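The values are calculated or read from the model by the stated rules, or taken from the named source; none is laboratory data. Quantities reported herein were computed from a predicted structural model and do not represent experimental measurements. All Cβ positions, glycine included, derive from the backbone under ideal geometry; neighbour counts span all protein chains shown.
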Amino acid sequence: MANSKGGSSKLLWLLLVLVLLSSTAAGVAIYMVMSDEGNADDNNLQSQQVERRSPIFVTIDPFTVNLADDRYGSRLLYAGISLKVDNEESRTLLEEHMPQVRSRLLTLFSGKQAQDLTSPEGKRQLSQEVIATLSEPLTERQPPLEIREVLFTEFIVQ
């Protein structure tokens, strides 16, 4: 009986040592994997920070324009627009020539009918037309404007 008791205590100590060793090995492995991922995440974060640029927006004050008459008669459009541009030069040109920009937009919008502007597709089409209209030079020897997106911040058809 003494032999069996001594054998079971040795077995218990052996199992305890094996559990401690495997736990230590698992902890070391987890630490190494996490530290490698941390370095990779740091490198990715640094490259993302280098690539990230703040967006440049040009805000055009809201305006109201008479739309082309339709079967309901005279209709109005109240619109506020922001333009997303690629560089400071485009922003400066647009801000310096804001009266021309507003005039071109008013002329473009006044030729539209309300039914063409109320659908999402109509707004996307109008956005493309705004970019095309403003892409025409505002001055002589003007570098091309880099307008990336037209954002309607306010849009009411009445």
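Restricting attention to the stretch 98-126, the residues that are buried (at least 17 other Cβ atoms within 10 Å of the Cβ) and either at positive phi or out of contact with any helix residue (DSSP H, G or I) (no Cβ under 9 Å at 6 or more places or on another chain) (or both) add up to 1. In the set Glu95, Glu88, only one residue is among the acidic types (Asp, Glu), assigned by TED's automatic domain parsing to the domain that holds Ser135 and more than 19 Å from Phe152 (Cα to Cα); that residue is Glu88. Only one entry of Phe63, Phe57 meets the criterion of being assigned to a strand (DSSP E or B), of a type in the set (A, V, I, L, M, F, W, C) and modelled with pLDDT under 95, and that entry is Phe63. Within this structure, Ala79 fails the test of being surrounded by 10 or more Cβ atoms within 10 Å (Cβ to Cβ) and modelled with pLDDT under 90.
I want to confirm something. Restricting to the stretch 138-158 and keeping residues that are exposed (fewer than 12 other Cβ atoms within 10 Å of the Cβ) and at pLDDT 90 or above, which single residue is nearest to Ser74 (Cα to Cα)? Restricting to residues being exposed (fewer than 12 other Cβ atoms within 10 Å of the Cβ) and at pLDDT 90 or above, the top hit is Ile156.
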